[in-house]
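**Q** There's a structure below that I have some questions on.
The values are calculated or read from the model by the stated rules, or taken from the named source; none is laboratory data. Nothing here was measured: the structure is a model prediction, and the numbers come from that model. Please note: Cβ atoms are built from the backbone with ideal geometry, for glycine as well, and neighbour counts cover all protein chains shown.
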Amino acid sequence: MKVVESVSAMKALARGWRRDGKRIGLVPTMGYLHEGHLSLVRESKRRTDVTVVSIFVNPTQFGPNEDFKKYPRDLAKDIVYLETGGVDCLFHPVAAEVYPLDYRTFVEVQGLQDKLCGRSRPGHFRGVATVVLKLFEIVRPDLAFFGAKDAQQVLIIRRVAADLDLDLEVVTCPTVREPDGLALSSRNAYLGPAERKAALALSMSLRWAERAVAAGERDTARLVAGIRSVLEAEPMARVDYVEAVDPETLEPVGEVRGEVLVALAVFIGPTRLIDNVRLRA
Ligand code: PAF
């Protein structure tokens with residue numbers, strides 16, 4: 001596996017692949033990789049000729065009081081993981097090259113970036129959209145792969161790609177879960193044993209909602225209230241938000257008709273976790 005740290009070297013490598021007619025897949029990550037990331041790698045390897053994984057803990061998507069400094073990092077372990085997964089190239093740029101001192105340009109996706117997670121993490125999706133567009137520009141992938149756990153992130157990236165006429169396909173891959181239902185996330189590493197158990201409340205509450213819809217419930221206010229009561233029964237959980245929204249606009253919906261995205265963010269101790277489910281009548 002090639003490990004590339006400079007933007008110009010990454011551009012040159014990708015240019016060579018394109019010249020050779022190879023289709024490029026990009027899996028953007030912030031490292032501390034897990035099976036969820038590997039599922040994106042597998043999909044990229046299935047659908048493209050060359051897979052690039054980027055690891056960059058992007059400072060612009062963290063708020064001033066968030067976990068940028070302590071975000072888990074283990075590059076040596078990630079490299080072993082990627083090599084085992086058959087990745088062709090790791091792009092691991094340094095922050096000073098991605099954001100030089102006089103950096104001024106940011107991408108905003110109005111109407112989507114301030115909803116759901118954007119409400120409690122102002123500026124987060126501006127940082128995500130900006131770094132992902134930069135990665136797209138540097139690697140120029142044919143396909144880019146993201147996990148469905150970050151539903152709002154994928155929607156925003158799709159809008160960037162569509163609105164800016166980017167010549168690539170954004171692929172959403174299913175959320176990967178532990179056998180007991182917890183959605184995989186690098187932030188699960190923060191959880192102590194009691195918190196890890198408490199974190200099950202997220203997926204349990206969503207499973208409850210699926211069962212309620214299967215039993216005929218269509219009223220989203222009642223579904224959200226039911227999800228909240230499952231979450232609030234867990235003493236270590238503090239709900240940030242639970243919302244039932246249109247999956248394309250993220251506007252609240254009152255009734256399960258067609259597809260509804262139920263998204264939530266919950267603090268388990270100091271750790272903020274997210275999860276979601278798509279409900280269909
Ligand atoms: O999902 C993530 O890990 C990050 O938000 C991403 C897409 C790599 C951008 O920094």
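**Q** Quick one: ALA281 ticks every box in (1) under 22 Å from the mean Cα position of the chain (by Cα); (2) modelled with pLDDT under 95 bar one, so which box is it?
**A** Tallying (1) under 22 Å from the mean Cα position of the chain (by Cα); (2) modelled with pLDDT under 95, ALA281 fails exactly one: (1).
**Q** Within segment 120-145, how many residues turn out to be away from the ligand (no atom under 12 Å from the Cβ) and either among the acidic types (Asp, Glu) or under 13 Å from the mean Cα position of the chain (by Cα) (or both)?
**A** Residues meeting the conditions: 2.
**Q** Same structure again: Under the condition of being out of contact with any strand residue (DSSP E or B) (no Cβ under 6 Å at 6 or more places or on another chain) and in a helix (DSSP H, G or I), which residue from segment 17-27 is farthest from LYS77 (Cα to Cα)?
**A** ARG19
**Q** Also, I was wondering about something else. Please verify whether PHE56 is touching a residue at least 60 places away in the same chain (Cβ under 8 Å) and crowded, with 21+ Cβ neighbours inside 10 Å, treating the condition exactly as stated.
**A** Against the criterion (touching a residue at least 60 places away in the same chain (Cβ under 8 Å) and crowded, with 21+ Cβ neighbours inside 10 Å), PHE56 does not qualify.
**Q** Still on this model: Take residues that are modelled with pLDDT under 95 and tell me which of the helices (runs of 4 or more DSSP H) falling wholly in segment 141-247 contain 2 or more.
**A** Answer list for segment 141-247: none.
**Q** Still on this model: If you go through segment 248-281, how many residues are of a type in the set (Gly, Ala, Ser) and not in a strand (DSSP E or B)?
**A** Result for segment 248-281: 4.
**Q** Assess whether ALA14 counts as being more than 16 Å from the ligand (Cβ to nearest atom), outside any loop (DSSP other than H, G, I, E, B) and in contact with a Pro (Cβ under 9 Å, 6 or more places away or on another chain).
**A** Yes; evaluated as a whole, the condition is true for this residue.
**Q** OK, next. Among (1) under 18 Å from SER6 (Cα atoms); (2) more than 15 Å from the ligand (Cβ to nearest atom); (3) among the acidic types (Asp, Glu), where does ASP114 come up short?
**A** (1)
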